[in-house]
1. I want to confirm something. Restricting to region 103-132 and keeping residues that are of a type in the set (Ser, Thr, Tyr) and over 19 Å from Gln93 (Cβ atoms), which single residue is modelled with the highest pLDDT?
2. Taking the condition of being buried (at least 16 other Cβ atoms within 10 Å of the Cβ) and part of a helix (DSSP H, G or I), how many residues in region 149-159 meet it?
3. Considering only residues that are part of a helix (DSSP H, G or I) and of a type in the set (D, E, K, R), look in region 22-48 and name the one that is surrounded by the most Cβ atoms within 10 Å (Cβ to Cβ).
4. Out of Thr285, Thr332, I need the residue that is farther than 18 Å from Gln368 by Cβ, exposed (fewer than 15 other Cβ atoms within 10 Å of the Cβ) and of a type in the set (S, T, N, Q). Which one?
5. Take Glu166 and decide whether it is modelled with pLDDT of 90 or more and acidic (Asp, Glu).
6. Would it be correct to say that Asp209 is within 15 Å of Arg357 (Cα to Cα), free of Cβ contacts under 8 Å to residues at least 40 places away in the same chain and either surrounded by 10 or more Cβ atoms within 10 Å (Cβ to Cβ) or in contact with a Ser or Thr (Cβ under 7 Å, 6 or more places away or on another chain) (or both)?
7. Which condition breaks for Pro19 when tested against (1) under 23 Å from Leu70 (Cα atoms); (2) free of Cβ contacts under 8 Å to residues at least 60 places away in the same chain; (3) of a type outside the set (Val, Ile, Thr); (4) exposed (fewer than 13 other Cβ atoms within 10 Å of the Cβ)?
8. Specify which of the listed residues (Ala44, Ala22, Ala5, Ala75) is closer than 26 Å to Ala114 by Cα and out of contact with any Phe, Trp or Tyr (no Cβ under 9 Å at 6 or more places or on another chain).
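The values are calculated or read from the model by the stated rules, or taken from the named source; none is laboratory data. Since the model is a prediction, treat every value here as computed from it, not as a measurement. Here the Cβ is made from the backbone with ideal geometry for all residues, glycine too, and neighbour counts use every protein chain on show.
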Amino acid sequence: MLDAAIGRFCELPVPTDGPGLATFLQRVQCANDKLAVKCSEAGAAFAETDHYEELGFVSPHHWMKVNLHLTGGAASDRIAVGRQLANIPESHQSLLDGEIGYAHFAHIARTAAALEESGTNKQFDETPLLEKARELPVGRFIDFTYQVRHAGDPAGYAEDEAQKVEARFLSMKTGEGGMVWIRGQFDPEGAAVLRTALEPLARRNGKGDDRQRDRRLGDALVELAGHSLDTGLVPQNGSVRPNLQVTTTLETLKRTMGSPAADLEFSLPISAEAVERLACDCSVTRIILGADSAVIDVGRTKRVISPSQRKALHVRDKGCRWPGCDRRPTWTEGHHLDHWNKGGTSNLPNLALLCKRHHWMAHEGHWQVVKTDDGQILAIPPQLDIYRQLARGPDVKDAS
């Protein structure tokens, strides 16, 4: 009977005008909410049986996820709403009247269930929640329900927070081609710390930054980790400060044809272009090997850009020199306009500060970073060949 009625309704044409569609959508959603409540009533009753065990499922939630095609959260909502129907009659009537939606109703039910399980023995009052549900959109209403939970059971609320911290995890799995898959789960506070650190770094970085948000967040995470290494914020391993360790041959650094890729710890071998970028601002240790790969000599580790030069660059450049970029000096790297492996010097006129993203663009991205006689920095896209030719004129220095 229900299937037949729904079938007949679905055969009706959808209105074509704006006002008609708006009214139609509201009526359909209201009907959908009423059906969801009825499904919840049945779901709570089903959870009291042992039929799901007879069918080989570990819980009623498990059975509902598989057979009703629901997410775990949606299955939990169905059971919570069904179990709390008798305790929140005013909210139920408001849903039937179309004043609130099922999402509001489900969070009222979950709040009632949480306070019921707290053992405070206080009579649940749905009125404050219902008033806010009529007023607030779902996202803001969820925040309010947590305020109510805390007010009714602060100890239980704190215990729930502690359990969420214990559930925190992060896993990294290396896949084909050296790509790493990251999967994780964070408690609300931990996620807030992570987002607070990443959001400023994930903003669009100057004019022409067309990266999608996911890409910008990925770049922000790498930049944050790199900054922690560069500034020594990561705890030392014994007396050794953690940092990226690249092992390469002189032939690779000079991009000699047939030279091997460079070795990077925790990664697959990396290209000569990546080595050149990392070598712009690094510490270099010369190691001479014999024919049998035995170490003959180890030179003294030297900074390509000395600490005093770094201070001078901070004062002169005041941040990333890429046009339109606002990264501060502490979030930049020294870039050689003419790379030292091609005879460029490590003196101030040949150096410029670039943030990690723009430094990558100047090397692997094949942009041209050039400096005019009056000290201005130009960033030229790789596809603009005519400008690249002009950049090789006598008045500018071409980037490596």
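1. Ser118
2. Within region 149-159, residues that are buried (at least 16 other Cβ atoms within 10 Å of the Cβ) and part of a helix (DSSP H, G or I) number 4.
3. Out of the qualifying residues, it is Asp33.
4. The match here is Thr285.
5. yes
6. yes
7. Of everything listed in (1) under 23 Å from Leu70 (Cα atoms); (2) free of Cβ contacts under 8 Å to residues at least 60 places away in the same chain; (3) of a type outside the set (Val, Ile, Thr); (4) exposed (fewer than 13 other Cβ atoms within 10 Å of the Cβ), Pro19 misses just condition (1).
8. Only one candidate qualifies: Ala44.
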